[in-house]
Amino acid sequence: QELLVESGGGLVQPGGSLRLSCAASRITFSVYTMGWYRQAPGKQRELVATIDSDGAPNYADSVEGRFTISRDNKKNMVYLSMNSLEPEDTAVYYCYAYLRPSTYWGQGTQVTVSS
């Protein structure tokens, strides 16, 4: 069983919205910093957003004001709400969990923004 399992990706038109979910298991979820990274074809994996154990979010400049990260410690879930999507947001989105020295990654979910 995977530690982190993403869902919610898909095809959406420019200007549309999607909500990604990540279910965590077998970790003490509430103490981990959780986050989302993405990797577009031919590009390096890049930070999208993180949320620490206190619920403080951090965003990449490219998504600030359009994306919102949130977590539910009772359900061991982290979410990424994405609005005003642009073709440049097309990528595989990866959920990640970090608590020094451990880092865990999900398998990724594809988001494609295209008309």
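The values are calculated or read from the model by the stated rules, or taken from the named source; none is laboratory data. Everything numeric here is computed off the predicted structure, so don't read it as measured data. Cβ sites come from the backbone with ideal geometry, for glycine too, and all protein chains shown count toward neighbours. We work out accessible area using only protein heavy atoms, side chains counted, and drop any ligands, DNA or RNA first. Shrake-Rupley method; radii C 1.70, N 1.55, O 1.52, S 1.80 Å.
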- Filter result for residue 78 (over 14 Å from residue 27 (Cα atoms) and either more than 13 Å from the chain's Cα centre (by Cα) or open to solvent by less than 40 Å² (accessible area, probe 1.4 Å) (or both)): no
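Report whether or not residue 85 is under 21 Å from residue 10 (Cβ atoms), at pLDDT 95 or above and not small (Gly, Ala, Ser).
On the way: under 21 Å from residue 10 (Cβ atoms): yes; at pLDDT 95 or above: yes; not small (Gly, Ala, Ser): yes.
Against the criterion (under 21 Å from residue 10 (Cβ atoms), at pLDDT 95 or above and not small (Gly, Ala, Ser)), residue 85 qualifies.
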- Selection from region 87-97 of residues out of contact with any Pro (no Cβ under 7 Å at 6 or more places or on another chain) and open to solvent by 40 Å² or more (accessible area, probe 1.4 Å) yields 88
- Read through the list (1) open to solvent by less than 40 Å² (accessible area, probe 1.4 Å); (2) small (Gly, Ala, Ser); (3) within 26 Å of residue 115 (Cβ to Cβ), then give the number of the only condition that residue 15 fails. (1)
- Item | Residue check for residue 105: in contact with a Leu (Cβ under 8 Å, 6 or more places away or on another chain) and either open to solvent by 20 Å² or more (accessible area, probe 1.4 Å) or not aromatic (Phe, Trp, Tyr) (or both) | yes
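Test residue 84 against the stated conditions and say whether it is of a type in the set (Gly, Ala, Ser), closer than 13 Å to residue 19 by Cα and either surrounded by fewer than 21 Cβ atoms within 10 Å (Cβ to Cβ) or touching a Phe, Trp or Tyr at 6+ places or on another chain (Cβ under 9 Å) (or both).
So residue 84 fits the description; yes.
Residue under question is residue 65, and the condition is that it be touching a strand residue (DSSP E or B) at 6+ places or on another chain (Cβ under 6 Å) and not aliphatic (A, V, I, L, M); does it hold?
Working: touching a strand residue (DSSP E or B) at 6+ places or on another chain (Cβ under 6 Å): no; not aliphatic (A, V, I, L, M): yes.
Judged against the criteria, residue 65 is not a match.
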- Per the filter on region 7-22, residues under 11 Å from the mean Cα position of the chain (by Cα) and either more than 13 Å from residue 82 (Cβ to Cβ) or polar (S, T, N, Q) (or both) are 7, 21, 22
- Item | Criterion (basic (Lys, Arg), at pLDDT 95 or above and open to solvent by 30 Å² or more (accessible area, probe 1.4 Å)) met by exactly one of 38, 45, 100 | 45
- Item | Hits in region 1-20 - residues which are assigned to a loop (DSSP other than H, G, I, E, B) and closer than 15 Å to residue 70 by Cβ | 8, 17
